[in-house]
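Computed from the coordinates by the stated procedures, all read-outs in this text should not be read as laboratory data. A quick note: this is a predicted structure, and the numbers were derived from the prediction, not measured. Note: ideal-geometry Cβ built from the backbone for every residue, glycine included; neighbour counts use all protein chains shown.
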Amino acid sequence: QVQLVESGGGLVQAGGSLRLSCAASGTIFSNNVMGWYRQAPGKQRELVADISSGGSTTYADSVKGRFTISRDNAKNTVYLQMDSLKPEDTAVYYCKWSRGTRVYWGQGTQVTVSS
């Protein structure tokens, strides 16, 4: 089992910044991928960004140039720095840990961007 604890969500004005953190614990092996997904009301959950143990990253087109994903392998923690936030970034953000067929999700943290 892998447990994921997210933090850092909240309410921010458009143009502001937030930093999300997700700490993983439990039976963790190397060569995994950690990432952030989001789900807005009435929409499907979508990838925001992910990062492999080796540092390879993927970003959704909608956040490129505004969001930065990083990780600390020693702490099993992934971060999402979100800058230039827009109202359309409002969603519940979920942390995901995966390795092969093993997939775990965090509880989610609300991010609300006011206009």
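Counting alpha carbon pairs within less than 8 Å and at least 6 residues apart, what relative contact order, in whole percent, applies to the stretch 50-112?
Over the stretch 50-112, the number comes to 22 percent.
How far apart, in nanometres, would the label points at Thr101 and Gln13 be if each is projected 7 angstrom from Cα along the Cα-to-Cβ direction?
With each label point 7 Å from Cα toward Cβ, the separation is 5.1 nm.
Two decimals is fine: what is log10 I(q)/I(0) at q = 0.20, 0.27 Å⁻¹ for the stretch 1-69, from a Debye sum with one equal scatterer on every Cα and no solvent?
-1.03, -1.43
Work through the residues other than Ala23 whose Cβ is under 9 Å from its Cβ and net out their charges, Lys, Arg +1 and Asp, Glu -1.
Around Ala23, the charge tally is 0.
What does the charge dipole of the chain about its Cα centre add up to, to the nearest 20 debye, if the Cβ of each Lys and Arg holds +1 and the Cβ of each Asp and Glu holds -1?
Here the chain has a charge dipole of around 180 debye.
Considering only DSSP states other than H, G, I, E and B, which trypsin sites (Lys or Arg not before Pro) in the stretch 10-49 qualify as loop sites with at most 10 other Cβ atoms within 10 Å?
Taking the stretch 10-49 and a limit of 10 other Cβ atoms within 10 Å, the loop trypsin sites (Lys or Arg not before Pro) found are Lys43.
Can you run phi through the Karplus equation (6.51, -1.76, 1.60; θ = phi - 60°) for the stretch 96-112 and list ³J(HN,Hα) in whole Hz, with x for Gly and Pro?
Computed from phi, the couplings for the stretch 96-112 are 10, 10, 9, 7, x, 8, 7, 9, 10, 10, x, 6, x, 9, 7, 10, 10 Hz.
Among Thr68, Phe29, Val48, which residue has its Cα positioned farthest towards the positive end of the charge dipole of the stretch 23-115, with +1 placed on the Cβ of Lys and Arg, -1 on the Cβ of Asp and Glu, and the dipole taken about the Cα centre?
Going by the charge dipole, the pick is Phe29.
Using every pair of alpha-carbon atoms in the stretch 39-98, split the distances into 10 Å bins beginning at 0 and state the percent of pairs per bin, rounded to integers.
Spelled out per bin, shortest first, that is 20, 54, 24, 2.
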